[in-house]
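Single-structure report; data block below.
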Amino acid sequence: MMRSVINQFLGLRLSGNCSVMVTQVRDKGHLSRPRLRNPQWFLRKEITKYNDLMTAENKQFINEVGTDNFGVPAVKKDNLVKTAEPSANEAVWTPNLRRCGVIARKIGQYPLWLKNGERIRTTLLQIADNHVIKYIPPEEYLPAQVPKIANLHKRGCILVGSETTNPALLTKEYAGIFRNSGVLPKKNLARFIVSPEAQLEAGTPLSVNHFRIGDFVDVRGKTVDHGFQGVVKRHGFKGMPASHGVTKTHRRAGNIGGGGEKGRVWPGTKMPGHMGNRWRIIKGLRVWRINSKYNVMWVQGSSVPGPTGGLVYIYDTILPLRKNKEAPPFPTFYGEPQQDGDDVWYEKVHNFKSESITYENE
């Protein structure tokens, strides 16, 4: 009886050789939820048992050597990026080509003043020890989430790493990624979708001179993780009155739905929940100032996602009206940076190192 009811409901005739495929439907907000742990197919980076058979003296010696040789180059070394010879790829830049990006750290905020007296707020981003790890051609690159586009194999992928680390602290599987790159293992990895004409050889360094002053860039990062928060902090609710009979509902949300026939909570209602830890992209930020010595760039605004010290990804903007009109360093910058004080200022920014008032003897 139950079998016939199921067959009638599904409109299927089940047999011993027939199988029913059930399509799993994801929830509405499966993409906007924060990912608190890496997927299972990610390689384990840090090794857990690497010093069980070492004495205390050997452990101290390895830590000292690793700190001296594999510390963060932006802090411990003078020469941040070693120059390399250009590759054999001599492609001509066009506005439709997409270049590689870089990995940076958000190190703080700083005001700048324009020559007309206007004060602007900027965010400092430091590009520390970036190198190309691998280039995947378009015919071999297969993204984890396949987009619904006509020509999928149009662009390739460049794997970029930043901040050299001690190989003794890494697993064999993770260190194997850098086997054919010619560089030491990196702490952080990122993938950038690029055009085939903008491919880079493995081991190519990427510095702040990859961008020019006055250009516009997009910055992608994770927002500050605030954990589970209420509606007052998460959505800016005013809250209930402090007195006049209000009891234990001062920071509550209040009514969340109507009654009657449609007595339910509508999707998208502002309620308590997890706040932050979402990927956000700030587009169209102008580069106001560049320091080649410490690989630091000043970008427009103070709304770059992430906490101080957090990682962000920088690449050429995709906004149509703010794309590069002139050819940038393509596919990247080769050679020695300018040595005029190691700072390059945009033409509209007031340089405090230059004289603004001059006095002449009568």
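Express in whole angstrom the spacing between the alpha-carbon centres of segment 190-262 and segment 95-145.
19 Å
Using θ = phi - 60° and the Karplus relation 6.51 cos²θ - 1.76 cosθ + 1.60, list the HN-Hα couplings for segment 96-112 in order, rounded to whole Hz, with x at every Gly or Pro.
Couplings: 8, 7, 10, 8, 6, x, 9, 9, 9, 10, 7, 10, x, 10, 7, x, 10 Hz.
How big is the accessible area of Met240 in square angstrom, nearest 10, if you roll a 1.4 angstrom probe over the protein chains?
For Met240, solvent-accessible area is about 80 Å².
Stokes-Einstein D for segment 260-332 at 25 °C, 0.890 mPa s, Kirkwood Rh over Cα pairs, in µm²/s?
Numbers: Rh = 16.5 Å.
Translational diffusion coefficient: 148 µm²/s.
Could you give each residue of segment 153-164 its phi-based ³J(HN,Hα) in whole Hz, using Karplus coefficients 6.51, -1.76, 1.60 with θ = phi - 60°, and x for Gly or Pro?
Whole-Hz 3J(HN,Hα) from phi for segment 153-164: 8, 9, 10, x, 9, 10, 8, 10, x, 9, 6, 4.
Based on the inverse mean of 1/r over its pairs of different Cα atoms, what is the Kirkwood hydrodynamic radius of segment 198-338, in Å? Please report the intermediate quantities before stating the final value.
Working: mean 1/r = 0.0519 Å⁻¹.
Roughly 19.3 Å, rounded to one decimal.
Can you list the HN-Hα couplings for segment 261-271, worked out from phi with the Karplus curve (6.51, -1.76, 1.60; θ = phi - 60°), rounded to whole Hz and with x for Gly and Pro?
So the Karplus estimates, Gly and Pro as x, are 5, 9, x, 8, 8, 6, x, x, 5, 6, 9 Hz.
Where in segment 225-242 does the amide nitrogen come within less than 14 Å of the point 7 Å from the Cα of Leu36, taken along Cα to Cβ?
In segment 225-242, the label zone of Leu36 (backbone N under 14 Å from the point 7 Å along Cα→Cβ) covers 225-229.
Using amide H atoms built 1.01 Å from N in the peptide plane, name the residues 5+ places from Asn188, or on other chains, whose amide H lies under 5 Å from its own.
Amide H neighbours of Asn188: Ser162.
By the gyration tensor of its Cα atoms, with a ≥ b ≥ c the square roots of the eigenvalues, what is the shape of segment 110-191: rounded for a/c under 1.5, prolate for a/b over b/c, or oblate? Don't skip to the answer; put the middle values down first.
Numbers: a/c = 3.31, a/b = 1.39, b/c = 2.38.
Oblate shape, in that a/c is at least 1.5 and b/c is the bigger or equal ratio.
Counting only residues 5 or more places away or on other chains, whose amide H sits under 5 Å from the amide H of Ile133 once H atoms are built in the peptide plane?
When sequence neighbours closer than 5 places are left aside, the close amide H contacts are Leu159, Val160, Gly161, Gly203.
Let me cross-check Asp343: its accessible surface, 1.4 Å probe, with only protein heavy atoms counted, in Å² to the nearest 10?
So the heavy atoms of Asp343 present about 20 Å² to solvent.
Compute the FRET efficiency between Arg179 and Ser303 as 1/(1 + (r/R0)^6), taking r as their Cβ-Cβ distance and R0 = 51 Å, and round to the nearest 0.05. It would help to have the intermediate numbers written out before the result.
Values: r = 40 Å, r/R0 = 0.77.
After rounding to 0.05, the efficiency reads 0.80.
Would you report the distance distribution of C-alpha pairs in segment 231-272 as whole percents per 10 angstrom bin, up to the bin with the largest distance?
Binned Cα distances yield the sequence 26, 43, 29, 2.
Tell me the accessible surface of Arg252 in square angstrom (1.4 angstrom probe, heavy atoms of protein chains only), to the nearest ten.
Roll a 1.4 Å probe over it and Arg252 shows about 150 Å².
Quick one: which residues, 5+ away or cross-chain, put their amide H under 5 Å from the amide H of Ile47? H built at 1.01 Å from N.
Leu170, Thr171
The values are calculated or read from the model by the stated rules, or taken from the named source; none is laboratory data. Since this is a predicted model, take the numbers as computed values, not measurements. We place every Cβ from the backbone using ideal geometry, glycine too, and count neighbours over all the protein chains shown. These area figures cover heavy atoms from the full protein model, side chains too; ligands, DNA and RNA do not enter into them. Shrake-Rupley method; radii C 1.70, N 1.55, O 1.52, S 1.80 Å.
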